[in-house]
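Down below is the structure, laid out as C-alpha coordinates.
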Amino acid sequence: MDYDLAIENTPETIPGGTGVLLIHPSTGETDRIDTDFLKTDTDRILVISTRTTAREVQQKLEYYDVDETKADILDTLSVERGYSRRSSEHVYYVSAPDDLEGIVETTRQFLETHGGKRRISFDSVTELAYYADDERALETVEELLGLLSEYDAVGLFHLSEEVHDEADVEAFKSIFDGTIYLDADGTVESDF
(Lines give C-alpha, C1' and ligand atoms only; values in the text may rest on other atoms or scores of the structure.)
Protein backbone atom coordinates (compact mmCIF):
# COMPACT_ATOMS: atom_id res chain seq x y z
CA MET A 1 0.00 0.00 0.00
CA ASP A 2 1.38 3.41 -0.97
CA TYR A 3 0.81 6.66 0.90
CA ASP A 4 0.78 10.14 -0.63
CA LEU A 5 3.52 12.35 0.78
CA ALA A 6 2.29 15.92 0.35
CA ILE A 7 5.50 17.62 1.41
CA GLU A 8 7.47 19.83 -0.96
CA ASN A 9 10.67 18.42 -2.49
CA THR A 10 9.88 14.84 -1.46
CA PRO A 11 8.67 11.80 -3.44
CA GLU A 12 4.97 11.86 -4.38
CA THR A 13 4.33 8.60 -2.54
CA ILE A 14 6.04 6.31 -0.04
CA PRO A 15 5.28 2.63 0.54
CA GLY A 16 3.67 1.35 3.74
CA GLY A 17 6.28 0.52 6.34
CA THR A 18 8.31 3.66 5.60
CA GLY A 19 9.84 5.67 8.42
CA VAL A 20 10.85 9.25 7.61
CA LEU A 21 13.23 11.31 9.74
CA LEU A 22 12.57 15.07 9.85
CA ILE A 23 15.82 16.84 10.72
CA HIS A 24 15.31 20.44 11.74
CA PRO A 25 16.92 23.29 13.68
CA SER A 26 15.62 23.67 17.23
CA THR A 27 13.86 26.87 16.17
CA GLY A 28 12.47 25.28 13.00
CA GLU A 29 8.77 25.53 12.25
CA THR A 30 7.98 21.83 12.01
CA ASP A 31 4.20 22.04 12.52
CA ARG A 32 3.47 22.75 8.86
CA ILE A 33 5.40 19.69 7.65
CA ASP A 34 4.04 17.51 10.42
CA THR A 35 0.42 18.41 9.77
CA ASP A 36 0.81 18.15 5.97
CA PHE A 37 2.11 14.63 6.60
CA LEU A 38 -0.76 13.76 8.94
CA LYS A 39 -3.74 15.10 7.01
CA THR A 40 -3.01 13.57 3.61
CA ASP A 41 -4.29 10.19 2.41
CA THR A 42 -4.93 8.64 5.82
CA ASP A 43 -7.60 6.86 7.84
CA ARG A 44 -6.10 7.11 11.36
CA ILE A 45 -3.25 9.06 12.93
CA LEU A 46 -1.32 8.70 16.16
CA VAL A 47 0.67 11.65 17.48
CA ILE A 48 3.27 10.59 20.03
CA SER A 49 4.35 13.69 21.90
CA THR A 50 7.40 13.85 24.14
CA ARG A 51 7.61 17.63 23.65
CA THR A 52 4.10 19.00 24.24
CA THR A 53 0.94 17.98 26.09
CA ALA A 54 -2.13 16.40 24.51
CA ARG A 55 -3.95 19.71 24.76
CA GLU A 56 -1.19 21.49 22.78
CA VAL A 57 -1.25 18.72 20.17
CA GLN A 58 -5.02 19.10 19.83
CA GLN A 59 -4.62 22.86 19.35
CA LYS A 60 -2.00 22.27 16.63
CA LEU A 61 -4.22 19.79 14.78
CA GLU A 62 -7.17 22.16 14.96
CA TYR A 63 -5.11 25.16 13.79
CA TYR A 64 -3.79 23.26 10.75
CA ASP A 65 -7.17 21.70 9.85
CA VAL A 66 -6.20 18.11 10.56
CA ASP A 67 -9.31 15.96 11.00
CA GLU A 68 -9.26 15.40 14.77
CA THR A 69 -11.82 12.61 14.52
CA LYS A 70 -9.06 10.49 12.97
CA ALA A 71 -6.48 11.37 15.62
CA ASP A 72 -5.21 9.57 18.70
CA ILE A 73 -2.62 11.24 20.92
CA LEU A 74 -0.05 9.67 23.22
CA ASP A 75 0.94 12.29 25.81
CA THR A 76 4.17 11.33 27.60
CA LEU A 77 4.57 14.59 29.56
CA SER A 78 1.44 15.39 31.54
CA VAL A 79 1.76 12.69 34.21
CA GLU A 80 5.34 13.58 35.05
CA ARG A 81 4.63 17.31 35.11
CA GLY A 82 1.62 16.84 37.37
CA TYR A 83 -0.86 18.32 34.89
CA SER A 84 -4.47 17.28 35.15
CA ARG A 85 -5.29 14.66 32.59
CA ARG A 86 -8.65 14.55 30.91
CA SER A 87 -8.96 10.98 29.76
CA SER A 88 -10.79 10.29 26.57
CA GLU A 89 -10.95 7.35 24.24
CA HIS A 90 -8.47 9.05 21.90
CA VAL A 91 -5.88 10.39 24.37
CA TYR A 92 -3.43 8.04 26.07
CA TYR A 93 -0.84 8.67 28.74
CA VAL A 94 2.32 6.93 29.91
CA SER A 95 3.86 7.47 33.31
CA ALA A 96 6.91 9.41 32.09
CA PRO A 97 8.63 10.53 28.87
CA ASP A 98 11.17 7.73 29.33
CA ASP A 99 8.51 4.99 29.69
CA LEU A 100 9.81 3.42 26.50
CA GLU A 101 7.92 0.15 26.88
CA GLY A 102 4.68 2.09 27.38
CA ILE A 103 5.30 4.15 24.24
CA VAL A 104 5.99 1.05 22.12
CA GLU A 105 3.03 -0.89 23.56
CA THR A 106 0.58 1.99 23.06
CA THR A 107 1.78 2.31 19.46
CA ARG A 108 1.35 -1.44 18.91
CA GLN A 109 -2.20 -1.31 20.32
CA PHE A 110 -3.06 1.65 18.08
CA LEU A 111 -1.83 -0.20 14.99
CA GLU A 112 -3.58 -3.44 15.97
CA THR A 113 -6.87 -1.68 16.71
CA HIS A 114 -7.14 0.47 13.58
CA GLY A 115 -7.09 -0.66 9.97
CA GLY A 116 -6.59 1.21 6.74
CA LYS A 117 -3.93 3.82 6.18
CA ARG A 118 -2.26 4.76 9.45
CA ARG A 119 0.27 7.51 10.06
CA ILE A 120 2.36 8.16 13.15
CA SER A 121 4.07 11.40 14.11
CA PHE A 122 6.77 11.21 16.78
CA ASP A 123 7.56 14.69 18.13
CA SER A 124 10.27 14.42 19.16
CA VAL A 125 13.11 11.90 19.16
CA THR A 126 15.34 14.65 20.58
CA GLU A 127 13.16 14.98 23.67
CA LEU A 128 13.02 11.19 24.00
CA ALA A 129 16.83 11.08 23.99
CA TYR A 130 16.92 13.88 26.57
CA TYR A 131 14.80 11.82 28.98
CA ALA A 132 16.07 8.33 28.12
CA ASP A 133 19.56 8.84 26.51
CA ASP A 134 20.56 8.49 22.87
CA GLU A 135 21.14 4.73 22.91
CA ARG A 136 17.78 3.84 24.46
CA ALA A 137 16.03 6.36 22.20
CA LEU A 138 17.63 4.76 19.14
CA GLU A 139 16.51 1.28 20.26
CA THR A 140 12.96 2.52 20.85
CA VAL A 141 12.78 4.22 17.46
CA GLU A 142 14.02 0.99 15.84
CA GLU A 143 11.19 -0.89 17.58
CA LEU A 144 8.65 1.66 16.35
CA LEU A 145 10.02 1.41 12.79
CA GLY A 146 9.60 -2.36 13.05
CA LEU A 147 5.94 -1.83 13.96
CA LEU A 148 5.45 0.46 10.94
CA SER A 149 6.79 -2.29 8.72
CA GLU A 150 4.74 -5.01 10.42
CA TYR A 151 1.48 -3.06 10.11
CA ASP A 152 2.10 -1.34 6.73
CA ALA A 153 1.91 2.11 8.35
CA VAL A 154 4.14 5.17 7.88
CA GLY A 155 5.78 7.52 10.36
CA LEU A 156 7.45 10.92 10.63
CA PHE A 157 10.01 11.31 13.43
CA HIS A 158 11.34 14.73 14.47
CA LEU A 159 15.03 15.26 15.35
CA SER A 160 16.61 18.60 16.25
CA GLU A 161 20.02 18.35 14.63
CA GLU A 162 22.12 20.75 16.69
CA VAL A 163 21.22 19.10 20.00
CA HIS A 164 22.91 15.80 19.06
CA ASP A 165 26.51 15.14 18.11
CA GLU A 166 27.18 14.20 14.51
CA ALA A 167 27.65 10.48 15.23
CA ASP A 168 24.24 10.26 16.91
CA VAL A 169 22.53 12.10 14.05
CA GLU A 170 24.15 9.67 11.60
CA ALA A 171 23.06 6.68 13.72
CA PHE A 172 19.46 7.87 13.62
CA LYS A 173 19.61 8.66 9.89
CA SER A 174 20.93 5.18 9.13
CA ILE A 175 17.78 3.42 10.40
CA PHE A 176 15.30 5.47 8.36
CA ASP A 177 14.11 4.96 4.78
CA GLY A 178 14.15 8.67 4.03
CA THR A 179 15.20 11.97 5.53
CA ILE A 180 13.59 15.40 5.21
CA TYR A 181 15.76 18.42 6.03
CA LEU A 182 14.05 21.59 7.18
CA ASP A 183 16.25 24.70 7.27
CA ALA A 184 15.71 27.66 9.59
CA ASP A 185 14.40 29.69 6.62
CA GLY A 186 11.73 27.05 5.89
CA THR A 187 13.50 25.47 2.90
CA VAL A 188 12.78 21.75 2.57
CA GLU A 189 15.08 19.16 1.00
CA SER A 190 14.93 15.40 1.16
CA ASP A 191 16.95 12.23 0.64
CA PHE A 192 15.05 9.02 -0.15
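The values are calculated or read from the model by the stated rules, or taken from the named source; none is laboratory data. Quick caveat, the model's predicted, so the values are computed rather than measured. Using ideal geometry, Cβ is built from the backbone for each residue, glycine included, and neighbour counts are taken over all protein chains shown. The area values use the complete protein model at the heavy-atom level, side chains included, leaving out ligands, DNA and RNA. Shrake-Rupley method; radii C 1.70, N 1.55, O 1.52, S 1.80 Å.
With R₀ fixed at 30 Å, the C-beta to C-beta distance from residue 67 to residue 188 puts the FRET efficiency at about 0.80. Volume per residue for the range 14-103 equals 123 cubic angstrom (convex hull of Cα atoms).
Determine the calculated [θ] at 222 nm for the chain from helices alone, applying -39500 (n - 2.57) to every DSSP H run no shorter than 4 residues and normalising by the residue count; nearest 500 deg cm²/dmol. It comes out at -11000 deg cm²/dmol, rounded to the nearest 500. Determine, at each q value in 0.07, 0.13 (inverse angstroms), the log₁₀ of I(q)/I(0) that the Debye formula gives when each Cα of the chain is one equal point scatterer. Rounded to two decimals, the profile gives -0.17, -0.61. Of the accessible area of the range 121-191, with the probe set at 1.4 angstrom, what percent is carbon plus sulfur? Roughly 40 percent, rounded to a whole number. Does the range 125-183 come out rounded, prolate or oblate, given a ≥ b ≥ c as the square roots of the eigenvalues of its C-alpha gyration tensor, rounded meaning a/c under 1.5 and, failing that, prolate meaning a/b above b/c? Here the range 125-183 falls in the oblate category.
Averaged over its residues, the range 34-192 has an accessible area of 46 Å² per residue, based on protein heavy atoms and a 1.4 Å probe. Based on C-alpha pairs under 8 angstrom that are at least 6 apart in sequence, the range 30-120 has a relative contact order of 36 percent. Share of carbon and sulfur in the accessible area of the range 1-84 stands at 42%, probe radius 1.4 Å. Restricting the calculation to Cα atoms, the range 26-77 shows an Rg/Rh of 0.93 when the hydrodynamic-style radius is the Kirkwood one. Can you tell me the relative contact order of the chain? Whole percent, Cα pairs under 8 Å, sequence separation 6 or more. It comes to 35 percent, rounded to a whole number. Sequentially through the range 180-192, phi angles give Karplus couplings (6.51, -1.76, 1.60; θ = phi - 60°) of 10, 10, 10, 7, 4, 7, x, 5, 10, 10, 8, 9, 10 Hz, Gly and Pro residues having no value and appearing as x. To the nearest whole percent, what portion of all C-alpha pairs in the range 92-192 is separated by more than 19 angstrom? Value for the range 92-192: 44 percent of Cα pairs lie more than 19 Å apart.
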